[in-house]
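Asker: One structure is given below, represented as C-alpha cells, and several questions about it will come after.
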Number of protein chains: 2
Amino acid sequence: MKNILVLGAGLSASSLIRYLLTNSEQYNWQVRIVDQDLDLVQRKINGHPNGVALSFNALSPDERKPEIEKADLVISMLPARFHIEVAHDCIELKTNLITPSYISPELKRLDHAAKDAGIVIMNEIGVDPGIDHMSAMKIIHAIQNKGGKVESFKSYCGGLIAPESDDNPWNYKFTWNPRNVVLAGQGGAACFIRNGQYKYIPYNRLFSRLDKLSISGYGDFMGYPNRDSLSYRAIYGLENIPTIFRGTLRRPDYCEAWNVFIELGMTDDTYTMVDTEGMTPRKFLNAYLPYHPTKTVEVKFKEFLREDRMYLYSKFEWLGLFEERPLLQAETPTPAQLLQEILVGKLSLSKGDKDMLVMIHEFEYSLNNERFKITSSMVNIGEDQMYTSMSNTVGLPTAICAKMILNGALKTTGVTLPVYPEVYTPILDELEDFNIRFEEEEIRL
Amino acid sequence: MKNILVLGAGLSASSLIRYLLTNSEQYNWQVRIVDQDLDLVQRKINGHPNGVALSFNALSPDERKPEIEKADLVISMLPARFHIEVAHDCIELKTNLITPSYISPELKRLDHAAKDAGIVIMNEIGVDPGIDHMSAMKIIHAIQNKGGKVESFKSYCGGLIAPESDDNPWNYKFTWNPRNVVLAGQGGAACFIRNGQYKYIPYNRLFSRLDKLSISGYGDFMGYPNRDSLSYRAIYGLENIPTIFRGTLRRPDYCEAWNVFIELGMTDDTYTMVDTEGMTPRKFLNAYLPYHPTKTVEVKFKEFLREDRMYLYSKFEWLGLFEERPLLQAETPTPAQLLQEILVGKLSLSKGDKDMLVMIHEFEYSLNNERFKITSSMVNIGEDQMYTSMSNTVGLPTAICAKMILNGALKTTGVTLPVYPEVYTPILDELEDFNIRFEEEEIRL
C-alpha cells in the first residue's frame with residue numbers, strides 16, 4: 001500500500017482529497033491528511049476507509065518528519081512560505097513532493113539536492129500557476145513542432161462568479177481570499193513587453209489599462225495587467241518574444257469602478273487611519289473627499305466621479321458606501337481593511353452560489369511567411385461551495401500528478417514545473433474528464 | 001575661551017560657521033569644525049584665527065568623543081540618523097547639543113537622561129523645522145494671551161528659486177537635495193484635519209489638491225499637502241483644533257505638471273527598470289505610454305495629457321523629455337533615478353542664481369464672539385550659492401541658539417524644541433537683522 005501525506009486540508013484541498021480517496025482503492029493508496037482543524041479533515045475524508053485524519057502541527061519539523069518518513073509522496077497545500085522547510089525534509093528523507101505554488105528562489109536552489117536524492121519536487125501545478133502553464137505550453141510546443149515562431153502571447157485568468165449566481169452590479173463575488181482582491185496590483189508597476197517595447201503601468205493606472213475579451217456563450221470580460229509578465233518568457237522558453245502580457249479577468253465595468261477606489265486612496269494598506277471610533281462607510285468615503293460646508297457626500301462623490309463615469313455610481317450606492325452603519329474593524333484599521341469589510345458584507349458567496357474559473361490565451365505566430373492567431377479558452381464552473389471551480393482547478397492537476405508519480409509514469413527528478421509534454425499531456429487529457437477543457441480557435445491574420 | 005564643536009561642514013553649515021566665527025572674538029569662542037572634506041572646512045573657515053579645521057571621522061565614537069569632551073557645546077549638522085549617537089556621547093560627557101533636525105522617537109526618550117546630566121539637547125531649530133515653529137508659536141501665544149482661541153492653522157513652506165533667477169517654465173530649480181524633491185510625498189497618504197473632519201490624500205492626488213496663496217510683491221504660489229500635519233497639534237499645544245494643514249509651496253502650474261509624472265509612474269523608486277542600456281528621455285517616457293504602431297511619443301503624450309492640461313505641454317518639451325540623448329544612470333535604475341537625471345540636467349542652479357525661502361502661516365481665531373484671520377509670511381532670498389537662503393535660514397537660528405546657550409541666556413535642560421518664548425523671542429528678533437522677517441496682516445472675518 002502506497003502512502004500519500006497531504007499537508008493542509010483548506011479550501012483548495014477538497015477536490016484533491018476527493019480524487020485521491022476515489023482512486024485509492026484502485027491504486028492501493030492510503031491518504032493521510034493533516035490539518036490543525038481535525039474536524040475539517042474528517043469532513044473531507046467523509047468516512048472513506050483509505051483516509052486517515054491527522055491533527056499534528058505540520059509546521060513543526062519534529063511532528064512532521066516521522067509522517068514524511070512513512071510517506072511515498074507528500075503534497076503540501078500549506079501556505080507557500082512553508083514549502084521550503086517541507087522540501088528540505090523531503091530531500092533528507094528521499095520523499096517526492098508536490099506543491100501547487102510558485103517556485104521560490106530558495107526552493108529553486110534545491111534542484112541539485114533533489115536530483116541527488118532522486119526525488120521530484122513538482123511545483124506550480126494548480127490552476128494559475130498550473131493549468132495556465134500546461135495549456136499554454138501544449139500550444140507553444142505544437143506551433144514550434146510544425147516550424148512556427150510564436151510572436152505574441154497574451155494570457156488572462158480570473159476567478160469569477162458563475163453566470164447563474166451573478167446577481168449584483170459588480171458582477172463579482174469573492175471566491176478566494178478577499179484581502180488579495182483588495183490589494184491586487186499593489187507594490188510596484190506592472191511590466192510587460194509589447195512589440196519589443198517594455199511598458200510599465202503604475203498602480204494608479206492599472207485598472208484603467210484594459211483589454212476587452214469575449215468567450216462565446218459566456219459574454220464579455222476585461223483584463224487588467226498582472227504585475228509580472230516578463231518572467232514567463234524564461235519559463236516558456238520564449239526569451240525573445242516581442243509581445244508578452246499576463247492579465248487578470250473581471251466582468252466589464254468592474255475595473256473602471258475599482259479604479260475609483262484606487263484614485264480615492266481607499267485600497268491603501270500601508271498606514272492606519274486615526275479617529276476611527278464609530279467609523280461608517282459614509283465617514284470612510286468622506287475622509288477621501290474634499291471638505292465642503294454644505295455639499296453632501298453623495299454630491300462630492302459624484303463630482304469626483306465626473307460626468308463621464310457617472311454610469312458607475314449605482315455600483316457604489318449598491319455597496320452601501322453612503323450608509324451610516326457602523327463598521328467593526330480593528331481599532332486602527334488601514335483603509336484596505338475598512339474597504340474589505342464593506343465589500344465582504346456585499347460581495348460574499350450566498351448559499352448555492354457557484355464560482356467560475358476563466359482562462360484565455362491568445363497566441364500569434366508566423367509560419368512560412370504567414371501569420372496566424374490561436375485563441376484558447378477555458379471556462380469551468382464549480383459544483384458547490386466545497387468543490388468549487390477554484391478547488392477543482394487547483395486540486396485536480398495536483399492529484400493527477402500525484403497519481404503519475406506514484407504509478408512511476410513521471411520519471412523526472414529535481415525542482416520542476418509542468419512545462420514538459422510528459423507532464424502536461426496526460427494531465428490535460430484527464431482534466432477533460434472533469435470538464436476542465438480548452439476550446440481552441442485559429443484564424444489567419 | 002569657550003569651545004564650540006561643529007560636526008559637518010556641508011551646504012547647510014555655511015551660514016552657521018560664518019556667524020560663529022564673526023561673533024567669536026566678541027564672545028571669546030573657538031570654533032572647531034570637523035568634516036571628512038578638510039578642504040571644505042578650510043574654505044568655510046576662510047583663514048579666521050578662531051576657526052580650527054578638523055578632519056576626523058565624526059561617525060566614529062572613538063574619534064569623536066575626545067573632541068566632545070573638550071567642547072562646551074556641540075552642533076551636529078550630520079545627517080539626522082547620526083544625532084542619536086552624538087546625543088548619547090553628549091549626555092555622558094555633559095555637553096550641550098544642538099541639531100536642526102526633527103526629534104526622533106529614540107532621541108525623545110533621552111529627555112530624562114539629558115535633564116539628569118544638566119544639559120540641553122535643542123532640536124528642530126533650522127527653518128522647517130525651526131523658524132516655522134518659532135514664528136507660529138509667537139502668534140499662537142499672542143492670540144492665547146489675549147484670550148483668543150485658535151480654530152484654524154495652515155502653514156506652508158517652500159525652497160524655491162529667487163525671482164531674479166527664475167528663468168525656466170517650471171519656475172523651479174533644485175536648491176536642495178534633488179532626490180528628496182523627486183520622491184516628495186511618497187510612502188503613505190497625506191493626512192490633515194479640516195473643520196473636525198480627517199482628510200486623506202493619496203500620493204496619486206497629492207499634487208492636484210492645491211491651495212492658492214499670494215505674497216504681495218512676490219506673486220502667486222500653490223501649496224500641496226505635506227504627509228504629516230497632525231503631529232503639529234501636540235507640538236503647538238493645539239490638540240483640539242478643528243483645522244490644521246501643512247503644505248509645501250511651488251509656483252503655479254508646477255504641481256499640475258508634476259502630477260503628470262506621478263500619473264505616468266515616472267517618480268517610482270520601488271523597482272528597477274529592465275533593458276535600460278541606451279536609455280534616453282524619449283524611451284523612458286515611451287515606456288509609460290501605450291504602444292502604438294504609428295503614433296509618435298509626442299502624440300501619445302498629448303493624448304495622455306488631455307486637452308484640458310495641454311497648457312503644460314511646453315514644460316515637458318523644455319525638459320527635453322522627447323529627446324534621444326543617452327541617459328547615464330546606473331545599470332538598473334529606478335524610474336525616479338532616471339527622472340532625477342533628466343531634471344538635474346535642466347533644473348540645477350546656474351552660476352549667480354539665488355534661492356528663495358518662502359513661509360506662509362494662516363491663523364483663524366475667535367475672540368469675544370468675533371472671528372479674525374492673521375496671515376504671516378516670510379520671504380528670504382539667498383546671498384549667493386555658498387550663503388543660500390536655505391543655509392541662512394537653517395544656520396542662523398541654530399547659531400543664535402548656540403550663542404544663547406554659551407552666554408547662559410537659555411536655562412532649560414532636556415530634549416526640547418524652540419516653542420517657548422524664552423527661546424523663540426530673542427531668536428526671531430535677531431533673525432530680523434539678517435532680513436529673515438515675517439510680515440503680518442490681520443483681518444476680521
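Asker: When you scan the stretch B:20-137 for helices (runs of 4 or more DSSP H) that lie fully inside it, which ones turn up with 3 or more residues that are closer than 17 Å to B:Lys2 by Cβ?
Answerer: B:61-70
Asker: Let me ask another. Considering only residues that are within 18 Å of A:Gly130 (Cα to Cα) and away from chain B (no Cβ under 11 Å), look in the stretch A:245-259 and name the one that is surrounded by the most Cβ atoms within 10 Å (Cβ to Cβ).
Answerer: A:Gly247
Asker: Here's another thing I want to ask about it. Taking A:Pro202 and the conditions (1) surrounded by fewer than 21 Cβ atoms within 10 Å (Cβ to Cβ); (2) within 14 Å of chain B (Cβ to nearest Cβ), which numbered condition does it fall short on, given that it satisfies the others?
Answerer: Here A:Pro202 meets the rest and fails (1).
Asker: Which one of the conditions (1) in the same structural domain as A:Asp355 (by TED's automatic domain parsing); (2) at positive phi does A:Glu383 fail to meet, given that it meets all the rest?
Answerer: (2)
Asker: A further question on this structure: Can you tell me how many residues in the stretch A:313-345 are within 24 Å of A:Glu303 (Cα to Cα), at pLDDT 95 or above and either open to solvent by less than 10 Å² (accessible area, probe 1.4 Å) or charged (D, E, K, R) (or both)?
Answerer: 14
Asker: With the requirement that a residue be open to solvent by less than 10 Å² (accessible area, probe 1.4 Å) and more than 28 Å from A:Ser389 (Cβ to Cβ), what does the stretch A:111-142 give you?
Answerer: Once the filter is applied, which keeps residues that are open to solvent by less than 10 Å² (accessible area, probe 1.4 Å) and more than 28 Å from A:Ser389 (Cβ to Cβ), the stretch A:111-142 yields A:Ala114, A:Ile119.
Asker: Could you grab me the full set of residues in the stretch A:157-199 that are crowded, with 21+ Cβ neighbours inside 10 Å, away from every other protein chain (no Cβ under 14 Å) and small (Gly, Ala, Ser)?
Answerer: Scanning the stretch A:157-199 gives A:Gly158, A:Gly159.
Asker: Anything in the stretch A:410-428 that is open to solvent by 20 Å² or more (accessible area, probe 1.4 Å) and outside any helix (DSSP H, G or I)? List them, or say none.
Answerer: Listed by number, the residues that qualify are A:Lys411, A:Thr412, A:Thr413, A:Leu417, A:Tyr420.
Asker: Could you tell me which residue of the stretch A:260-285 is nearest to the other protein chains (Cβ to nearest Cβ), considering only residues that are open to solvent by less than 10 Å² (accessible area, probe 1.4 Å) and of a type outside the set (Val, Ile, Thr)?
Answerer: So the residue we want is A:Gly265.
Asker: Let me ask another. So, in the stretch B:429-445, how many residues would count as being open to solvent by 50 Å² or more (accessible area, probe 1.4 Å) and part of a loop (DSSP other than H, G, I, E, B)?
Answerer: 4
Asker: Filter the stretch A:286-301 down to residues that are within 10 Å of chain B (Cβ to nearest Cβ) and out of contact with any strand residue (DSSP E or B) (no Cβ under 9 Å at 6 or more places or on another chain) and give me whichever is surrounded by the most Cβ atoms within 10 Å (Cβ to Cβ).
Answerer: Going through the qualifying residues, I end up with A:His292.
Asker: Of the residues that sit in the stretch B:2-19 and are on the phi < 0 side of the Ramachandran plot and assigned to a loop (DSSP other than H, G, I, E, B), which one is farthest from the chain's Cα centre (by Cα)?
Answerer: The qualifying residue farthest from the chain's Cα centre (by Cα) is B:Ala9.
Asker: Mind telling me which of the residues A:Leu230, A:Leu210 ends up being touching a Gly at 6+ places or on another chain (Cβ under 8 Å) and within 14 Å of chain B (Cβ to nearest Cβ)? Reasoning before the result, please.
Answerer: Working: A:Leu230 fails: touching a Gly at 6+ places or on another chain (Cβ under 8 Å).
Going through A:Leu230, A:Leu210 in turn, the sole match is A:Leu210.
Asker: Hey, can you tell me all the residues within the stretch A:334-377 that are within 30 Å of A:Leu445 (Cα to Cα) and part of a loop (DSSP other than H, G, I, E, B)?
Answerer: A:Asn368, A:Asn369
Asker: Hey, among A:Thr375, A:Thr393, which residue is under 26 Å from the mean Cα position of the chain (by Cα) and open to solvent by 30 Å² or more (accessible area, probe 1.4 Å)?
Answerer: A:Thr375
The values are calculated or read from the model by the stated rules, or taken from the named source; none is laboratory data. Quantities reported herein were computed from a predicted structural model and do not represent experimental measurements. Note that we place each Cβ from the backbone using ideal geometry, even for glycine, and neighbour counts take in every protein chain shown. Each accessible area value is taken on the protein alone, full model and side chains, heavy atoms only, with ligands, DNA and RNA left out. Shrake-Rupley method; radii C 1.70, N 1.55, O 1.52, S 1.80 Å.
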